[in-house]
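The block underneath contains the structure these notes are about, expressed in structure tokens.
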Amino acid sequence: ELVTASEEVKDAFLRLLAQMLPWYSMSPLNGPRDVQPEIEAFLPALGLILGTFSLPEAASSTLSEQTTNGASEAAAAASSQSVFLRSLMDDRIIALARACGRRSPALWEQIEAQASHVITCTSQFMQSAGRPNGQQNQAGNAVLVCAKQWQAICLRLRDGLAAGVATPFSATLIQSKAGQLTLLVIMEYVLKNTKPILGESVTLALREFWAKKEPPGGDLESLKRIESAASALHAQSEAALGAEMAGAAQNGEKPKYSFREQFRMCEMFVKQFSEASTIRDTHTDRWLNEWGGRARLGRLLRDVLPQIRGQLRTVYSCLMVATAVIAVSSICCGPSLVQGGVAQAASVQLGANDELDELTSILGTNSVDCLREAALAEEPPANRSFGLWLMRLASRSGALLRLSKCNYALAVRVLRSWEVINGGKPFTDTAFGRNGVELPPSHPSIAAAESAASGNSSGAQGSKLTPTLSSSSAVLIVDAADNVADDTGLRLLCTEPVQ
């Protein structure tokens, strides 16, 4: 077995996998059952890889106590592992592993057990490494980075790609507070702490929508306020960018937060609210009664969403309105958003006459329709990113996409051709400045990002450049929407261009 092999054999094996894994694809499929033999080969191979987990021996002592020889060996071993781990962290490979796991629960239980073991060990090591114990040397830092990589991979394997989004309140913390952390308290906290990142006017508009009763005229005006606040901030950033590129603001203050940080905060919102709504101690039912519950959500999705779509003017307003809609949709789904392990891709079975089944279906159809309209438009519309944000944020909300039963295959295919829809320009987080303002190709931050991506690519054979927001969203959607009843998810991950 590899576990008992020499370090040289392990090293050679890991380097080979580092080159192979990012490009792994299953054979062409004729039906859901045809892929079963490959699944039964792939998952044990993944288990074998997880079985190689170990932190170099020198890491077992405090980092300040490492001997010179032990430190050198630890650094070398960590460096060897790091190259391989960067490949294993590929979202498509993790999504493929989880798709296989849904189709072979018995084998997946073993993978989950191994992943949990790695998470426990790395957590213990990182806690000890964080204690004051003298100056950390280069070897200690290398091993710490390696431990973080192992943990990130195993969290995504066990809990889904949404595990990459950090939230301030874990389920354990919420439950330990015995009802003190209600959904409204959590909302107030995250809105207050994201105000400097998202903008005060936007967070105030979100609070009006999330924390108050439905206005007499419905929610259209509420969403318009969110759109106006976001578009106004976009206009300010656009003016500041124009001055910067003209040289008038060379000594001015640079934006403190990036667009990437802004959309990551929106992902945090929907993940935090969807997880909190599954916990009884948050008293979500109280919030639902005060907010308006499924009846209000129904009016929002049936009547308001189609109207607001045509009034979205900027990437930032598309993002913020999508955040508002997906957040309340997730909360209203509540306990139906099954969390944890491979069950993140499963969900409570809803009856054909269940109101929630109808509402999630409307949401999914609207989201895909937004992408379809953008794809068919002669010119890139101002609201072209709205469908992308709806689908991406829904993929961070437990089983919301699976509940919707939407045509996610169409959404994925549209997103994979997004550069055409986006006027021939890549849709990356580095292509936008604060508040979603589009940066010109000559902007220093784009050149710096391209240089960094090139450096990362040359650092490990077989690795790929950072994906665009559209292609990465496509993989997230497959992980969150794949259904074992057919092989659509596997086909999207294997038989179409590798992202």
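The values are calculated or read from the model by the stated rules, or taken from the named source; none is laboratory data. Every value quoted in this text rests on a predicted model; they were computed, and no experiment measured them. Positions of Cβ are generated from backbone atoms using ideal geometry, with glycine treated the same way; all protein chains shown enter the neighbour counts. For accessibility, only protein heavy atoms count, side chains too; no ligands or nucleic acids. Shrake-Rupley method; radii C 1.70, N 1.55, O 1.52, S 1.80 Å.
Listed values, structure above:
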read-out	value
5 angstrom amide H check on PHE432, placed H, neighbours 5+ away	LEU439
Note, ³J(HN,Hα) from phi for the stretch 277-288, Karplus 6.51, -1.76, 1.60, rounded to Hz, x at Gly and Pro	5, 8, 9, 4, 5, 7, 6, 4, 4, 5, 4, 4
Accessible area of the stretch 193-301 belonging to carbon and sulfur atoms, whole % at 1.4 Å probe	49 percent
Probe 1.4 Å, accessible area per residue of the stretch 83-216, Å²	44 Å²
Set of aspartates and glutamates with alpha-carbon distance to LYS425 below 15 Å, sequence-local pairs under 8 removed	GLU379, GLU438, GLU450
Dipole in debye (nearest 20) - the stretch 348-412, about Cα centre, beta carbon charges: Lys, Arg +1; Asp, Glu -1	340 debye
DSSP-loop trypsin sites (Lys or Arg not before Pro) across the stretch 235-330, with at most 14 other Cβ within 10 angstrom	LYS256
Trypsin sites (Lys or Arg not before Pro) restricted to DSSP loop in the stretch 188-230 with at most 16 other C-beta within 10 Å	LYS212, LYS213
Accessible area per residue in Å² at 1.4 Å probe, computed on the stretch 241-324	44 Å²
All lysines inside 22 Å of LYS192 as judged from Cα atoms, apart from same-chain residues fewer than 8 positions distant	LYS177, LYS212, LYS213, LYS224, LYS256, LYS271
